[in-house]
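This report concerns only the one structure given below.
Each reported figure results from applying straightforward, stated rules to the coordinates on display, with no laboratory input. Everything numeric here is computed off the predicted structure, so don't read it as measured data. Virtual Cβ from ideal backbone geometry, glycine too; neighbours counted across all protein chains shown.
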Amino acid sequence: MKASDRCNAIKPLPTVVIKQKCAEMKAAGKDIIDLSIGDTDFMAPASLTQGVQKALENGKTHYTATTGIKELREELAERHKADFSEILVSVGGKEGVCSLFLAMVNEGDEVVFPEPAWPAYRAYSAMCGAEVKNIPTSVENNFEPTIDSLHENVSNKTKLVAINSPNNPTGASYQKEFIKAAAELADDYGFILLSDEIYSNYDYEERFVSARGMGENVVVLDGYSKTFAATGLRVCYLVGNKELIKQVNKIHAYNVGNAPSAVQYGVLGLYNEKKYMEKNHKEMKSRNDLVYDVLKETPGLEISKSKGAFYLFPKYSLNMSSVELCADILEQQEVGLVPGSAFGGEEHFRIAYSQPKHILEQGTKRINDYFEAKQ
Ligand code: PLP
């Protein structure tokens, strides 16, 4: 049976497809090093796992308010200098962003974002029938968009601008001036500025600034997935003005009801785990150094050092598509990487350096060997 136009407008999530392929090859006995996944090997803090367990034992297995439990919304409101009515607890980051798009973006509206970008912005735009206007960024400028390029791309047709700093897949971190300009433009034109801050804990040059408080139309996405090694627990949140959150909650309530109840209780107080957050930050920073130090010497690669998140996005100069390149590296060197085209960045590939150092040492050596052999 034919799927809907909405479904046909999107492709399967590329990272999931590659992860699956790596898993199959591993199961067939291959010595695969999978650097394709945007997830860490870290353990979640004990306070989280114990908190979830305790919540389950206390019978927190029922529906909650669709917007999230009041205690959590109040705690997050304090963290973001907001009112609790401005918080929506979502089922991971994806559902929060998807519900925002479905609630606010119409067919024919324009959605603007710097590219290369997390593939979901393009997919959700397509699901809404919106036109995408991309702001190209490049390795030469550390993948940072300029304020001028933002001005050139927004208009009265713009409904939503999405920025993501620290960035997946480029590792870029945007300057405060850029974020501020985007928030001011959002107020001038009346579009939504989605500031995706899901990698806020992984910022290696102390550049990170939240867009929260920079304008009336700013919506922040943050959450527990990446910061607390909790990608599978599916709790993140949006912070935005009360009226907007009310609309997003309409979609969210029909689609998912509420975020997992025991997890909402389990994450209470987690942002007090400063030591845990610092330890992960420090470890990821040194992994960034390790990978960069090897690959910056690799012949045929152009690299901008990652300033945040846990990705590097090298540009290569071989005469093959990024899909062909990643398939070849997987075949020849048994390293899983994501083709740049998945993010709107052909002639690049993405490495996730969120794996332990001994794996990164082997993985980068194999990548290096591959490119050396091609010279
Ligand atoms: N935003 C960005 C930029 C991401 O890379 C991801 C996950 O990879 C998310 C949001 C959402 O994460 P999740 O749905 O796993 O919470």
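Filtered by the rule that a residue be within 15 Å of Lys180 (Cβ to Cβ) and either surrounded by fewer than 23 Cβ atoms within 10 Å (Cβ to Cβ) or away from the ligand (no atom under 15 Å from the Cβ) (or both), the range 198-219 gives Arg207, Phe208, Val209, Ser210, Arg212, Gly213, Met214, Gly215, Glu216, Asn217, Val218.
Checked against the criterion of being in contact (Cβ under 8 Å) with a residue 60 or more places away in the chain, hydrophobic (A, V, I, L, M, F, W, C) and in contact with an Asp or Glu (Cβ under 7 Å, 6 or more places away or on another chain), the candidates Val291, Val256 yield just one match: Val256. Of the residues in the range 91-105, none is away from the ligand (no atom under 16 Å from the Cβ), closer than 20 Å to Ser195 by Cα and either surrounded by 23 or more Cβ atoms within 10 Å (Cβ to Cβ) or without any contact (Cβ under 8 Å) to a residue 40 or more places away in the chain (or both).
Quick check on the range 243-266. Is at least one of its residues aliphatic (A, V, I, L, M) and in a loop (DSSP other than H, G, I, E, B)? Yes, the range 243-266 contains a residue that is aliphatic (A, V, I, L, M) and in a loop (DSSP other than H, G, I, E, B). Looking only at residues in the range 145-163 that are in contact with a helix residue (DSSP H, G or I) (Cβ under 7 Å, 6 or more places away or on another chain) and free of Cβ contacts under 8 Å to residues at least 40 places away in the same chain, the one that is surrounded by the most Cβ atoms within 10 Å (Cβ to Cβ) is Pro145.
Table: residues versus (1) within 16 Å of the ligand (Cβ to nearest atom); (2) assigned to a helix (DSSP H, G or I); (3) surrounded by 12 or more Cβ atoms within 10 Å (Cβ to Cβ).
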site: Gly29; (1), (2), (3): no, no, no
site: Thr61; (1), (2), (3): no, no, no
site: Thr64; (1), (2), (3): no, no, yes
site: Arg73; (1), (2), (3): no, yes, yes
site: Leu76; (1), (2), (3): yes, yes, yes
site: Leu88; (1), (2), (3): yes, no, yes
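Within the set Ser304, Ser225, the sole residue that is of a type in the set (Gly, Ala, Ser), part of a loop (DSSP other than H, G, I, E, B), in contact (Cβ under 8 Å) with a residue 60 or more places away in the chain and within 16 Å of the ligand (Cβ to nearest atom) turns out to be Ser225. Could you check the range 322-353 and list, in sequence order, the residues that are among the acidic types (Asp, Glu) and within 20 Å of Thr137 (Cα to Cα)? Glu346, Glu347 - these are the residues of the range 322-353 that are among the acidic types (Asp, Glu) and within 20 Å of Thr137 (Cα to Cα).
Rundown of residues vs (1) assigned to a helix (DSSP H, G or I); (2) in contact with a strand residue (DSSP E or B) (Cβ under 9 Å, 6 or more places away or on another chain), yes/no style:
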| position | (1), (2) |
| --- | --- |
| Met1 | no, no |
| Cys7 | yes, no |
| Ile10 | no, no |
| Thr15 | yes, yes |
| Ser36 | no, yes |
| Asp39 | no, yes |
| Met43 | no, no |
| Gln50 | yes, no |
| Lys54 | yes, no |
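Please specify each residue of the range 230-245 satisfying the condition of being closer than 12 Å to Ala103 by Cα and in contact (Cβ under 8 Å) with a residue 40 or more places away in the chain. Leu244, Ile245, listed by residue number.
Looking only at residues in the range 3-27 that are free of Cβ contacts under 8 Å to residues at least 40 places away in the same chain and closer than 18 Å to Ala327 by Cβ, the one that is surrounded by the most Cβ atoms within 10 Å (Cβ to Cβ) is Lys26. Restricting attention to the range 228-244, the residues that are more than 9 Å from the ligand (Cβ to nearest atom) and surrounded by fewer than 23 Cβ atoms within 10 Å (Cβ to Cβ) add up to 5. Per the listing Asn142, Asn167, the residue uniquely in contact with a Phe, Trp or Tyr (Cβ under 9 Å, 6 or more places away or on another chain) and among the polar types (S, T, N, Q) is Asn167.
Of the residues in the range 252-270, at least one is of a type in the set (A, V, I, L, M), more than 20 Å from Leu48 (Cβ to Cβ) and either surrounded by 15 or more Cβ atoms within 10 Å (Cβ to Cβ) or more than 22 Å from the chain's Cα centre (by Cα) (or both).
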